[in-house]
Each structure stands twice: as C-alpha cells, then as structure tokens.
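The values are calculated or read from the model by the stated rules, or taken from the named source; none is laboratory data. Keep in mind it's a predicted model, so treat the numbers as computed, not measured. Note that we place each Cβ from the backbone using ideal geometry, even for glycine, and neighbour counts take in every protein chain shown. Side chains are part of the model used for accessible areas, which takes the heavy atoms of the whole protein and leaves out ligands, DNA and RNA. Shrake-Rupley method; radii C 1.70, N 1.55, O 1.52, S 1.80 Å.
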Amino acid sequence: MKIAVLSGKGGTGKTTVSTNLAYAMGIDYVDFDVEEPNGHIFLKPRDLKESDVNIMTPVIDQDRCTLCNICVETCQFNALVNTGKRILVFEDLCHGCGACSLACPEKAISEYPRKIGVLFEGTYEKADFFSGRMALNEPMAGPIISEIKRRIPKGRDHIVDCSPGTSCNVVKGVDGADYAIMVTEPSVFGLHDLKLAVELVEEMDIPMGIIINRSNEYDPLIEDYAKDSNLRILGKIPFSKAAAKIYSEGKLLIEEPAIKEIFEGIKKQVLEEVDHAISHS
Amino acid sequence: MQLVILSGKGGTGKTTLVSSFAHLSGRDTIKVDCDVDASNLHLMFEGRDVDKRPFSGSKKAIIDPEACINCGRCQAVCRFDAIEQGEKSYQVIERSCEGCNACRVVCPADAIRLEEEDSGEMIMTILKDDSYLSRANLFPGADGSGKLISEIRKASLELENAREKLIIIDGSPGIGCPVMSSITGVEYGIIVTEPTQSGFEDFKRIYEVARHFRVKSYVVINKFDLNPAMSDQIEEYCRSKELKVLGKIPYDPVVNQSNFESKPLVVYNESIAGDEIKKIWDSIKSEMGV
Ligand code: SF4
Ligand code: SF4
C-alpha cells in the first residue's frame, strides 16, 4: 500500500498529516520534499545512514575537442557553451543525461559524479524512514527524489510526503500510489490550490480524499467543493494554540489526546478507502 | 529596483505580506507572482488579463512505431527510466521523459524526435489600481518552472517605466531552481519565517541561498507569539548574521477572515497583524531609500 500526501502549495500541513498518520498507522515514512525536508523533526529517526546523491556531469577534454559544436546543439538544457576557444560546462544547468558524451564524435567528453544532495535511511518507532536533502544552491530536486524512490523496498506499506505544489516532482511522488490524500485549508487560496492538485491526481487516475487542516468556520468553502466533486472529507484538524505550540517544538500532534482521536478517525477512513481502491483496481 | 519576498516553505505568511504591500503601494509598483505552480496573488485583486502567451518549458521524445527497429539502444542510454518496450515498438513514458535528446542521438533508425510540450501560459494582468501584475500558470505536472519565472520577470522589466518603479516579487517556495530564478539579480529581499523548529530550519537554508545570490536580506517573523522562545532564538541567529529583523507579526484571527474573503489583510482596520505589516512596509521602504 502506498499513500501519497499532497497539497497544492507548501505550508498547509502536509508534513503534519504525513508524519502523524505514518506514526498512527505504523508504516514507513518517505519525505520527498527534498528542498525543505521537515519529516525528521517530528519522527526523530534513529540510526540514520547518509549517502550522497550524484549526477553524472560532463568534462571536456580540450585537447581532443575540435569545437565542432555538436555537443552544444545536442544539449537541451543550455548547459554547454562554445566560447570559440573552448566548450564551457554550466554544471548547475546540466541534467546529467549523457547526451553530449554520446553525441561527441571525438570522444572528448567524459563524466564525473557530481554531488547534488544527500539521502537518509533510518528507522523510527517500528517502521522505516527515508528522506533526502538537496545541497544548497543546487537547482534540481528530481534526481534526489528518484534515488529515494529506488531505495524503498518493494512491497512495504508507506506514506509519501510529496513536494509542495503541482510540479513534475509531485508527479514522481504520486506515481504508483494506491491512494492520495489532499491536505488543504479553508481559504480561497487553499481551495484554488486544492483544485490544481485534484486535477493532477485525477489525471493520474488515483483515488483521493481531503483533509482540512486549520479547520474553522469557513470549512464549507472546501466542503461544498468536495461534495460537488464527489470527494470524501477524511477528517478535519482544528487550529488551536496548544497544537501550534506542540508543532513549533517539533513534536507530533498525536501526543495530544484530542488530536490523536482525530488521526485514529482519519486512519480508519483511509484504510477503508485504500481497501476499496485496491479491490477495484 | 526589485524586492523579493521569500519563505523557504509556503504557508508562512508570504502572500499575506505581499498582498498587503501590493495594496499599500498601489500603482507605484509592479508585481510579479513567481509561484507559478499555484499563482494566488491575482485572486485578491480585481483585474483584467491584457496579455496571454503560451509557454513551453520542456520537450518530450516521441518514437515513431513504424520506423522503430526494436534495437533497444534508446532504453539502454536513457537515465530517467523513461523508455519501455511496447507491443510493437519501444515507447516513451511521457511522465518520466526529460526531453534530453540522448535517445535520439543513439537511435540508428532515426525514429525519434523531440516535440515541444505545452507547459503553461504567461499572463499580464492590470489590477484595479492600474498597476501591472505579471504572472503565469504552469500546467499541473509540467516541467520548466524556472524558465517560466525568468520569462514573467523579463516581461515585468519590459513594461513602460519599469526601471523607475519598484518591482515587488512574490518568490516561489523551496530553495531549488524556481527560487533561484525568482531571486537572480534582485537587490532586496524579505524572508518570512515562523517560530517553529521546521520554520527555523527552512529559514536558515533559504537565507544561505539568498546570500549566495547577493540579495540584501531582511527578516520578518510571523505569528511570533505562538512560540516566543523560538522567536528569540531566531532573532539571536539573525543578530549573529547581522540580519535585520524588520518586524514581528502577532497571531491574529483576522488573517483567517482575510483569507476567506480574499482581501489584503491591511484593509481590515481592526487587524493587529495588519498594523505591524504597515510598519514593516515603511521600514523596508526606508531601507531601500524609496
Ligand atoms: S549531460 Fe546532458 S544536460 Fe549535461 S551537458 Fe551533457 S547534454 Fe547537457
Ligand atoms: S562534440 Fe566533442 S568535439 Fe564537438 S565541440 Fe563538443 S566536445 Fe568538442
């Protein structure tokens, strides 16, 4: 069973839901928000193993290079520039695809592994923990997410805390999920971003439900939309200053009995929905 | 002159600040919404779209099944696991394809081409107060947000009198490519953070990125009273980095109302958070000398 947790944008409580729910369900937690990973703060994983994530980046052998320009024309990411005297590599634009070295007729291009981030594997409670962290001033999250994905053992139940937004990196997280949980908040912005995320998940043909975070008197904004779109509201997490304090200290909200009950309810609903989804696919 | 509002992670109150600045400055400023995944700013202001342009941020490979000789070389060189053996020929898994060209380079049968993908649209909006808002929609799941942000920023700089005006940029969340595109060449920045452990960690990372890009940065702590001790820690950190804290915004339930009614917070007279934002706006103006 794979559950993806998304939110049209950051800060709606995606990590709160992912960490508390993973904990309540006792299943593996995977943090795909490699730009600003926060899951570790709340789950406090043990025995973290750190490894580098590299992408293969070209190096030009200027002695062999005839300046034929083929590599520059081949690269789709403008990572190579011909100055007329030499070929320059703009490493932060390079996607590490290898097209240039395949195309070079003089075999002048070799590659070296360039570190763009790190990956963490460990355990929390009785389950596994995976996350990654992009190196500062590196632009690309995609390869780190892909690498984490490769490390998740086949067949283990897990929750994926997706990157915020609705970009291609979110697609990587949702891909292959049995069920998606959309976390939103009761505001015009929340609704706007929720719709975008729903559009994305619908297109991927994955069943989903909604959790309203910072639930308040404006909830009907989301509830009406959910009803019209035939989406189930899995639960509501009210705002309270006490909960905000617990969160700010990097603790799980589930430590608070009232919120624990909410998560037990969400867990039950999610399990029902996932069962339903799996038996219908 | 350009001012970018940043916040490692979304949801820290960045848009509350930007929309208030936008309201307070009216037609004296140009606005750019760099959150192209979920552009929001226009929802707060009435306006009309005066220009829309399609945007392509990436390409995708397409294999011609008639021409494919099933040699499998494309699959062997693809580093994104984007090629699979189909019934008749090899085929591209569109979702995984980065449009890098490697498969096309090695295909002996010339069966592969790259096609521009429809990734989104650039939009120029004129707000009710006659100021411009440059924004975009990246289609869900599409690639190329960094490039799209560069484009809408370019569009804002090409507006009439753009060089004499202040450009307020609502930066994108995160610390990766979209953020870098939002802050490249920007003189001033405000980083909005919250007094939470995760907020603090995110703040340190975004600050390092802003510093690397030589953005003169200031700090605003939102909802500082939800954890005063953590706020103090953040202030301590700022002092050690010689970063000026421009203001501390208190928790204020009026924010929920303004989010619901989709109006800038500063229009609510009774909002204590709104009052603080007005002060912050005055401070940043005097820091920038405008
Ligand atoms: S590896 Fe790919 S992205 Fe990098 S320089 Fe070569 S062609 Fe460009
Ligand atoms: S393809 Fe090879 S020989 Fe031609 S310019 Fe590039 S590195 Fe030089």
Kindly provide the pair-distance distribution of chain B built from C-alpha pairs, with 5 Å bins from 0 and whole-percent values in order of increasing distance. 1, 5, 12, 14, 15, 13, 10, 8, 6, 6, 5, 3, 2, 0, 0
Which of the pairs B:Lys31/B:Lys52; A:Lys49/A:Lys241; A:Lys44/B:Lys9; A:Lys44/A:Lys268; B:Lys204/B:Lys285; A:Lys154/B:Lys59 have their Cα atoms more than 27 Å apart in this structure? A:Lys49/A:Lys241; A:Lys154/B:Lys59
Occluded residues from region A:5-22, i.e. those whose accessible area drops by 20 Å² or more once the chain is not alone (1.4 Å probe): A:Lys9, A:Gly10, A:Gly11
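Summarise the accessible area of region A:55-115 (1.4 Å probe, protein heavy atoms) by the percent that is carbon and sulfur.
Taking all protein chains in place, region A:55-115 shows 52 percent carbon and sulfur surface.
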Using the C-alpha gyration tensor of chain A, what are the square roots of 5 times its eigenvalues, in whole angstrom, with the largest one first? 41, 20, 17
What does the buried accessible surface come to for B and A, summed over both chains, with the probe at 1.4 Å? Round to 100 Å². 5000
Here P(r) for the protein assembly as shown, Cα-Cα distances in 10 Å bins, as whole percents, is 3, 17, 28, 27, 17, 7, 1, 0
Calculate how steeply helix A:188-203 sits against the longest principal axis of the alpha-carbon atoms of chain A, using the helix alpha-carbon long axis, and give the answer as 0 to 90 degrees to the nearest 10. 70
Rounded to whole Å, give me the distance from the Cα center of region B:159-237 to that of region A:233-281. 31
In chain B, which Cys residues have no partner Cys with a Cβ closer than 4.7 Å? B:Cys34, B:Cys68, B:Cys71, B:Cys78, B:Cys97, B:Cys107, B:Cys177, B:Cys238
May I ask you to rank A:Lys260, A:Lys2 by accessible area, largest first, using a 1.4 Å probe over the protein chains only? A:Lys260, A:Lys2
Mean-position separation - Cα centroids, region B:243-290 and region A:140-215, in angstrom: 32
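For region A:55-115, take the alpha-carbon Rg, divide it by the Kirkwood Rh, and send me Rg/Rh.
On the way: Rg = 10.2 Å, Rh = 11.2 Å.
That ratio is 0.91, to two decimals.
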Two-decimal Rg to Rh for region B:58-118 - Kirkwood Rh, Cα set: 0.91
For peptide B:95-106, compute the average count of partner chain beta-carbon atoms within 10 Å of each residue's beta-carbon. 6
Using a 4.7 Å cut-off between beta carbons, which cysteines in chain A end up with no partner cysteine at all? A:Cys65, A:Cys68, A:Cys75, A:Cys94, A:Cys104, A:Cys162, A:Cys168
For A:Ile233, enumerate residues with amide H under 5 Å from its amide H, sequence gap 5+ or separate chain, H modeled in the peptide plane. A:Ile210
Taking B:Glu117, B:Glu261, A:Glu50 and ranking on accessible area (1.4 Å, protein atoms only), highest first, one gets A:Glu50, B:Glu261, B:Glu117
Give the accessible surface of region A:55-115 per residue, rounded to a whole number of Å², with probe radius 1.4 Å and ligands, DNA and RNA excluded. 54
Could you tell me the accessible area of A:Lys49 in Å² (1.4 Å probe, neighbours in place), rounded to the nearest ten? 130
Just add up the charged neighbours of A:Ala277: K/R +1, D/E -1, any other residue whose Cβ is under 13 Å from the Cβ of A:Ala277. -3
